[in-house]
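Rule-based calculations on the coordinates, nothing more; no lab input. Keep in mind the model is a prediction, meaning the values are calculated, not measured. A quick note on method: Cβ atoms are made from the backbone with ideal geometry, for glycine too, and the neighbour counts reach across all protein chains shown.
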Amino acid sequence: MHYTNFGIIKLRMPKAVAAREPPLLKNALQLPGMDANWVAILSAGAGGIAALLARRMMRLAPTRDMISVNFGMIFLMLLPAAPFFWYFKFSWLAAVLFLLAALIDVAANIFYYLTFEKLPAVTASAVMALSPLAALALQPWLTPGFSLSLVNILGIILVVCGLILLARGSPNGGVAGQRVEVKARHLAYPLLAALLFGINVFPVRMLIANQWTNPYSFYLLRALLIA
């Protein structure tokens, strides 16, 4: 299970080799009484609010500045909890996977913010919500034995159709009610962001499944590196 800007992506990965249970890795970040579906809904809602705010912020500063400020604030907010949740079991493979995930994340976030320079928030969010499909498209090659059921396929078709209708029917409001023209070439930004966010699921999932780190530690280091 992977938390993204657009909700939770559930992946069927091979069971990790049994390893020493690091402190506060398994249960400390779980919310009691909440299942993954509710967490996914809350995560998607928070992602929608973030998209609206990002659209407003892009009028105030260039993309590179917004990325640095955003992830710098994330790092500072997470840092006080480091004595309680920090865990990183160093190995060369873990280090390579972390750097790979961070570099992909940097590229994805650059396209994420460029998207809101060119597109309305609703259109941008609808297109970038396709990131789970990128993960599903790659999973048969990265996860042996994985297959989609008929229900999964129908669900994907319905979601894609819904997102297309949402993007086409959204009011493209700009500053002071001006209409924003959506150009076809501008859709490359959210599509690339969605693709990279989907690809990034796999190195992150490997890090956590093999208990080389936990979500808190990964996002703390990720925020520092991107900032």
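Points worth noting:
- Residue-span extension gain [residue 73 to residue 56] - 0.36 nm each, minus C-alpha spacing: 4.4 nm
- Calculated FRET efficiency, residue 93 to residue 137, Cβ-Cβ distance, R0 = 30 Å: about 0.75 to the nearest 0.05.
- For residue 213, the residues whose amide H sits under 5 Å from its own are 89, ignoring neighbours fewer than 5 places away on the same chain, with H placed 1.01 Å from N.
- Residues 156, 104, sorted so that the one with the fewest Cβ neighbours within 10 Å comes first: 156, 104
- Legend: ranking of residues 115, 213 from fewest to most surrounding C-beta atoms inside 10 Å; resulting order 213, 115.
- Counted by neighbouring Cβ atoms within 10 Å, the residues 105, 65 run from fewest to most as 65, 105.
- Label-point separation, residue 188 to residue 147 (7 Å along Cα→Cβ), nm: 3.9
- Backbone geometry of the stretch 203-213 corresponds, through the Karplus equation with coefficients 6.51, -1.76 and 1.60 at θ = phi - 60°, to 3J(HN,Hα) couplings of x, 5, 5, 5, 4, 7, 5, 8, 6, 7, 7 Hz, x marking Gly and Pro.
- Residue ranges 106-114, 196-204 sort as 196-204, 106-114 when ordered by packing (mean number of other C-beta atoms within 10 Å per residue, highest first).
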